[in-house]
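Below is one structure, written out as structure tokens; the observations come after it.
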Amino acid sequence: MSTKPASDIAGAGSDPVGGTTIVVGASSGLGRGIAAAMAQAGAPVVAVALTASGLEGIPNGGAAIRLEVADATDPTVAADFLDRYEPGVVILVADANPGPATAAGEGLFSLLGQDSNLQPSG
């Protein structure tokens, strides 16, 4: 796995959000559409899904999309992504959060909540 920020990917265009955008839940529907739209707008994007097949064929409009197959509810994965990509924006889509049944200290959503006022809803 590369340790370069997504902004260093060849072909990255003008960055409309001021940093890498991580889209967790990018395998289908809204998450896939957001990842494609952000890339088409020129943002370096890290598209995260649980399976590689879910990431196949994401249109990127010539911009940079890095594909990551991972479980972002795993705190070690979440911490690695935040450290490695230093995102300007993190977008969590649909079932891409730990949900109300898991401990508040787990996953990407909770790690983000430590640095902001974000809290899981539910």
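What number goes with the only condition from (1) out of contact with any helix residue (DSSP H, G or I) (no Cβ under 7 Å at 6 or more places or on another chain); (2) modelled with pLDDT of 85 or more; (3) surrounded by 16 or more Cβ atoms within 10 Å (Cβ to Cβ) that PRO75 does not pass? Of the numbered conditions (1) out of contact with any helix residue (DSSP H, G or I) (no Cβ under 7 Å at 6 or more places or on another chain); (2) modelled with pLDDT of 85 or more; (3) surrounded by 16 or more Cβ atoms within 10 Å (Cβ to Cβ), the odd one out for PRO75 is (1). For ALA26, indicate whether it is in a loop (DSSP other than H, G, I, E, B) and in contact with a Lys or Arg (Cβ under 9 Å, 6 or more places away or on another chain). So ALA26 passes the test.
The values are calculated or read from the model by the stated rules, or taken from the named source; none is laboratory data. Note that this is a predicted model, so its numbers are computed, not measured. Note that we place each Cβ from the backbone using ideal geometry, even for glycine, and neighbour counts take in every protein chain shown.
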